[in-house]
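Colleague: Right, I'll just put the structure down here and ask away after.
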Amino acid sequence: ITTTHLPSAKVGEYYSAALEATGKNGIKWQIIGNALPDGLRLNEDTGRIEGTPQKGGVFHFLIDASNTEGSSSVSLTINVSHPPTITSNILADGRIGISYRRALTAESETPLIWAVIGGSLPTGLTLDSSTGEIAGTPIEAGKFKFDISALNNDGMDTKSFEINIYGSAPIITTSALPAGTEGAPYYTTITATGTGPITWSYSGILPEGLSLNSVSGVISGTPKYIESTTVVIRASNIEGYTNQTY
């Protein structure tokens with residue numbers, strides 16, 4: 001047998017290498033110690049090793065070549081690399097103020113190092129470089145696009161992802177409005193939680209002389225008469241709206 005070295009292989013890629021030997025025709029080849037990498041086979045007539053490796057690693061085995069005059073054997077090695085393949089495809093959306101936790105996955109036979117190599121995660125989220133978990137509490141709404149890499153000893157894979165972070169609908173926190181006095185300046189601010197900007201509107205009747213600022217939520221002016229009115233205030237943003245009756 002004159003072959004002393006075999007080329008390396010890669011998981012999932014077709015492999016072919018020919019063993020060579022001197023001697024009379026009619027040589028038969030066989031494995032007599034250990035085994036070829038999973039997915040590879042030896043043609044006993046041609047001495048060709050071929051197939052598609054299914055598992056990474058360093059594989060040592062003993063090859064025998066024989067003819068009518070005798071036999072020869074040699075120990076050979078095939079190094080099968082297995083770069084990672086990121087298997088995650090779509091990441092779930094999140095919402096401001098709500099805890100987020102999603103784990104990225106990849107095919108790999110060795111420990112991985114995960115990293116963001118382009119774009120940016122949603123504000124408030126981080127990527128664990130060892131586990132591939134994206135976690136945290138989003139604090140900013142928007143559409144976030146980023147590129148992730150998974151690295152092991154045999155190579156690296158990259159994939160692009162997107163996470164949409166939605167805001168929260170307004171919740172009006174002002175429970176009641178103060179009374180006013182006829183002919184005296186009136187000023188009060190209605191407040192609300194939720195993703196900005198919040199716009200304000202109303203239905204019903206404000207006391208004559210008062211108005212609602214649609215941007216600030218301030219009711220101000222000078223009441224003209226002694227009266228009692230009912231008004232429905234609405235706080236709106238891109239996520240929805242809420243009403244409060246005063």
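The values are calculated or read from the model by the stated rules, or taken from the named source; none is laboratory data. If you're wondering where the values come from, they're calculated on a predicted model, not measured in any experiment. Backbone-built Cβ (ideal geometry, glycine too); neighbour counts: all protein chains shown. For the accessible areas, the whole protein counts, side chains as well, though only heavy atoms, and no ligand, DNA or RNA atoms are used. Shrake-Rupley method; radii C 1.70, N 1.55, O 1.52, S 1.80 Å.
Colleague: Across region 180-209, which residue is most open to solvent (accessible area, probe 1.4 Å) among those that are of a type in the set (A, V, I, L, M, F, W, C) and not in a strand (DSSP E or B)?
Modeller: The residue in question is I205.
Colleague: Test S16 against the stated conditions and say whether it is open to solvent by less than 40 Å² (accessible area, probe 1.4 Å), under 40 Å from the mean Cα position of the chain (by Cα) and small (G, A, S).
Modeller: Answer is no for this residue.
Colleague: As an exercise: evaluate S160 against (1) of a type in the set (S, T, N, Q); (2) under 30 Å from L104 (Cα atoms); (3) surrounded by fewer than 14 Cβ atoms within 10 Å (Cβ to Cβ); (4) out of contact with any Asp or Glu (no Cβ under 8 Å at 6 or more places or on another chain) and give the number of the one condition it does not meet.
Modeller: (4)
Colleague: Every residue in region 212-231 that is surrounded by 12 or more Cβ atoms within 10 Å (Cβ to Cβ) and of a type in the set (G, A, S), please.
Modeller: Of everything in region 212-231, those that are surrounded by 12 or more Cβ atoms within 10 Å (Cβ to Cβ) and of a type in the set (G, A, S) turn out to be S214, S216, G217, S220, G221.
Colleague: If I ask for residues that are open to solvent by 40 Å² or more (accessible area, probe 1.4 Å) and assigned to a strand (DSSP E or B), which ones from region 106-156 would you list?
Modeller: Result: E107, I113, V116, I117, G119, T126, E133, K143, K145, D147, L151, M156.
Colleague: Given the options G51, G118, name the one that is touching a Lys or Arg at 6+ places or on another chain (Cβ under 9 Å) and closer than 22 Å to G12 by Cα.
Modeller: G51
Colleague: As an exercise: evaluate N25 against (1) on the phi < 0 side of the Ramachandran plot; (2) modelled with pLDDT of 95 or more and give the number of the one condition it does not meet.
Modeller: For N25, the exception is condition (2).
Colleague: Then there's this: So the check is Cβ under 6 Å with 6+ separation or different chains; which pairs have a first residue in region 232-243 that's open to solvent by 30 Å² or more (accessible area, probe 1.4 Å) and a second one that's charged (D, E, K, R) and not in a loop (DSSP other than H, G, I, E, B)?
Modeller: Y241/R234; N243/R234
Residue by residue, here is whether (1) surrounded by fewer than 13 Cβ atoms within 10 Å (Cβ to Cβ); (2) assigned to a loop (DSSP other than H, G, I, E, B); (3) under 34 Å from the mean Cα position of the chain (by Cα) holds:
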{"site": "G26", "(1), (2), (3)": "yes, yes, no"}
{"site": "K55", "(1), (2), (3)": "yes, yes, yes"}
{"site": "T77", "(1), (2), (3)": "yes, no, no"}
{"site": "S88", "(1), (2), (3)": "no, yes, yes"}
{"site": "R102", "(1), (2), (3)": "no, no, yes"}
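Colleague: Regarding I139, is this residue touching a residue at least 60 places away in the same chain (Cβ under 8 Å) and either within 21 Å of T195 (Cβ to Cβ) or hydrophobic (A, V, I, L, M, F, W, C) (or both)?
Modeller: Judged against the criteria, I139 is not a match.
Colleague: For region 174-204, enumerate the residues that are among the hydroxyl-bearing types (S, T, Y) and over 37 Å from the mean Cα position of the chain (by Cα).
Modeller: Result: T174, S175, T181, Y186, Y187, T188, T189, S201, Y202, S203.
Colleague: Further question on the same structure: Among D64, D45, which is the only one that is acidic (D, E), loosely packed, with under 13 Cβ neighbours inside 10 Å and farther than 30 Å from D147 by Cα?
Modeller: Criteria check complete, one pass: D45.
Colleague: Can you name the residue in region 90-100 that is under 15 Å from the mean Cα position of the chain (by Cα) and open to solvent by 40 Å² or more (accessible area, probe 1.4 Å) and is also nearest to T195 (Cα to Cα) among such residues?
Modeller: Among those residues, the one meeting the criterion is D93.
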